[in-house]
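The values are calculated or read from the model by the stated rules, or taken from the named source; none is laboratory data. For clarity, every value in this text was computed on a predicted model and none was experimentally measured. Virtual Cβ from ideal backbone geometry, glycine too; neighbours counted across all protein chains shown.
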Amino acid sequence: MFVDGYYMPPAYGVFEKFGTDSLTSNTVVVRLLGSDRQGIEMKNRKHWTEVVDPRDKTIKEISELVKKLIRKKFDSCADFNNHLEGSAPLSIAKSVGLLAEEWVYCRREGAGEPTG
């Protein structure tokens, strides 16, 4: 499991440093928690319908991490929290757009549908 947010170092940096050699399972979960729960809740007044703190760089890095895991045949899943940007569904939509090419790769390579 990679965790991005709060007091943890950025997940993509941890992945780049340690890679997949130390993973003990073929299933990898990436959790995107955000870093300022109270700040996000103040900005969006607990209405999770809009991005109030864009984290495009983080979403792009996590999408790249998931792509690398899929290509190495890891079952991968990303868990988006509302506190990342203010709206988990909108953050997921950004990531899905970045991962679309991976679906094409998996089908072409006969790997089936990616799970992340």
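Within region 52-72, residues that are more than 16 Å from residue 91 (Cα to Cα) reach partners that are of a type in the set (Val, Ile, Thr) with beta carbons closer than 7 Å, at six or more positions or on different chains, in the pairs 69/28; 72/20. Of all residues in region 79-101, those that are surrounded by 14 or more Cβ atoms within 10 Å (Cβ to Cβ), out of contact with any Lys or Arg (no Cβ under 8 Å at 6 or more places or on another chain) and under 23 Å from residue 16 (Cα atoms) total 4. Test residue 29 against the criterion of being within 20 Å of residue 95 (Cβ to Cβ), among the aliphatic types (A, V, I, L, M) and out of contact with any helix residue (DSSP H, G or I) (no Cβ under 9 Å at 6 or more places or on another chain), and give yes or no. Yes; evaluated as a whole, the condition is true for this residue. Screening residue 78 on (1) out of contact with any Gly (no Cβ under 9 Å at 6 or more places or on another chain); (2) in contact (Cβ under 8 Å) with a residue 12 or more places away in the chain; (3) among the small types (Gly, Ala, Ser) shows it passes everything except condition (1).
When region 36-57 is limited to residues that are loosely packed, with under 11 Cβ neighbours inside 10 Å and of a type in the set (D, E, K, R), the one that is farthest from residue 4 (Cα to Cα) turns out to be 45. Just one of (1) on the phi > 0 side of the Ramachandran plot; (2) out of contact with any helix residue (DSSP H, G or I) (no Cβ under 7 Å at 6 or more places or on another chain) trips up residue 13, so point out which. If we test residue 13 against (1) on the phi > 0 side of the Ramachandran plot; (2) out of contact with any helix residue (DSSP H, G or I) (no Cβ under 7 Å at 6 or more places or on another chain), just (1) comes out false.
Inside region 1-86, counting only strands (runs of 3 or more DSSP E) that do not spill past its ends, which hold 2 or more residues that are modelled with pLDDT under 90? First the steps, then the outcome.
Values: elements: 2-5, 27-34, 75-80.
Hits in region 1-86: 2-5, 75-80.
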